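The values are calculated or read from the model by the stated rules, or taken from the named source; none is laboratory data. Note that the structure is a prediction, hence the values are computed from the model and not measured. Cβ sites come from the backbone with ideal geometry, for glycine too, and all protein chains shown count toward neighbours. To get the accessible areas, we keep the full protein, side chains included, count just its heavy atoms, and leave off ligands, DNA and RNA. Shrake-Rupley method; radii C 1.70, N 1.55, O 1.52, S 1.80 Å.
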Amino acid sequence: MIEQLTHPIVLAPMASGATTPALVAAVSEAGGLGCLGCAMHSPEAMERDVAEIRLLTAKPFAVNLFILDELTTPDPAQVMAAWEVLRPIRAELGLPDVPPPAKFGESFRAQFERLVALRVPIASFTFGILTPGQMDALHGAGSYVIGTATTVEEAVAWERLGADAVCAQGSEAGGHRSTFLHDFSLGLIGLMALLPQVVDAVRCPVLGAGGIGDGRGVAAALALGATAAQIGTTFLRASECGISQTWKDALGRAKETDTRVSRIYTGRPARGLDSELRRRLEPFAQTLPPYPVQLGLTAEIRAAAAKQGRAEFLSAWAGQAVALSREEPAADIMRRLVAETRAAAGTMSARV
């Protein structure tokens, strides 16, 4: 299915409300593949957004989930220690002095069951790998499956399981790292090195993700053997994108040296704009609770920061090509990416 796209451009399935149904549909309508990030969606919200996408476009689209173990009761002492660290920041933002939340995320099992029932054209996954039974269920529902990998070994594991395509996530990518077979530090491989090695190791189509901010990056990914380029940060400033204006404005001011990978925001390493929040919490990084507990503990801080225009307390996910982004409608972004890709490909051909 990836091979059949009019244009080899895939919207990264960004969560945090970024990939609205309008954005997903706009990318698909323009000949790419729109992807809905549902990591933080309840099953009911998944069904609502998928229904809206289907009203907006008849073109293929994808839905992405984070593969997580079922939630267990976190260590109360660890939760309270992290909450104490966050108290001064909460007070600075005017948040009430209350006990920590009791719920930290959605059930992956419930999300997955709803995903199968929705029979979406394409299902993509981040953080881990499915079981054989889960893969069979998706294929039985007629869904094309994409798994995310940060190393060659992870890509091979997905192909052996039966994935229809693999997304190679370079270290330049914004948002959460997808590493699941290794220590996170071993999965920080740049896309230019990772992509051709994954292409050589698997027979299925490969998407290249990480640091692709314009058509030159798309052309480079294709030259390295990718079937399509997956792009996130460039679409964060699209008018249809659901992130706050505070976040969008911060992206507009950022340059290539302004991102960092840290686990302080959610409990799992992720790349975003450097911030005062990271600098204050980084000394506690190794003792903070894992994902999604830390995500839940910082949720009100991030929401308040967005409303108050306090970018220094956001988890503003962004990749290293952030300075290439512009504020414009998604259809215009797609037209520009296609034109730039064709121009770059022609230039490469002329020089060889």
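Data overview
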read-out: Of residues in region 152-174 being in a loop (DSSP other than H, G, I, E, B) and in contact with a Gly (Cβ under 8 Å, 6 or more places away or on another chain), the one surrounded by the most Cβ atoms within 10 Å (Cβ to Cβ); value: ALA173
read-out: Of residues in region 189-198 being of a type in the set (A, V, I, L, M) and open to solvent by 40 Å² or more (accessible area, probe 1.4 Å), the one nearest to LEU224 (Cα to Cα); value: MET192
read-out: Tabulated pairs, region 36-50, first without any contact (Cβ under 8 Å) to a residue 40 or more places away in the chain, second in a loop (DSSP other than H, G, I, E, B) and open to solvent by less than 30 Å² (accessible area, probe 1.4 Å), C-beta under 6 angstrom, 6+ apart or interchain; value: LEU36/THR19; GLY37/PRO13; GLY37/ALA15; GLY37/THR19
read-out: Residue check for ILE301: buried (at least 20 other Cβ atoms within 10 Å of the Cβ), at pLDDT 95 or above, of a type in the set (Val, Ile, Thr) and in a loop (DSSP other than H, G, I, E, B); value: no
read-out: ARG119 vs. criteria basic (Lys, Arg) and without any contact (Cβ under 8 Å) to a residue 60 or more places away in the chain; value: yes
read-out: Residue match in region 233-240 (condition: open to solvent by 10 Å² or more (accessible area, probe 1.4 Å) and not in a loop (DSSP other than H, G, I, E, B)); value: yes
read-out: Yes/no for LEU186 being more than 17 Å from ALA62 (Cβ to Cβ), of a type in the set (A, V, I, L, M, F, W, C), open to solvent by 10 Å² or more (accessible area, probe 1.4 Å) and touching a Pro at 6+ places or on another chain (Cβ under 7 Å); value: no
read-out: Filtered residues of region 305-330 (kept if under 25 Å from HIS41 (Cα atoms) and either under 21 Å from the mean Cα position of the chain (by Cα) or open to solvent by less than 10 Å² (accessible area, probe 1.4 Å) (or both)); value: ALA305, ALA306, ALA311, PHE313, LEU314, SER315, ALA316, TRP317, ALA318, GLY319, PRO329, ALA330
read-out: Options LEU195, LEU207; residue that is at pLDDT 95 or above, in contact with a strand residue (DSSP E or B) (Cβ under 7 Å, 6 or more places away or on another chain), part of a helix (DSSP H, G or I) and within 20 Å of LEU5 (Cβ to Cβ); value: LEU195
read-out: Qualifying residue in region 133-147 (condition: at pLDDT 95 or above, open to solvent by 50 Å² or more (accessible area, probe 1.4 Å) and among the aliphatic types (A, V, I, L, M)); value: no
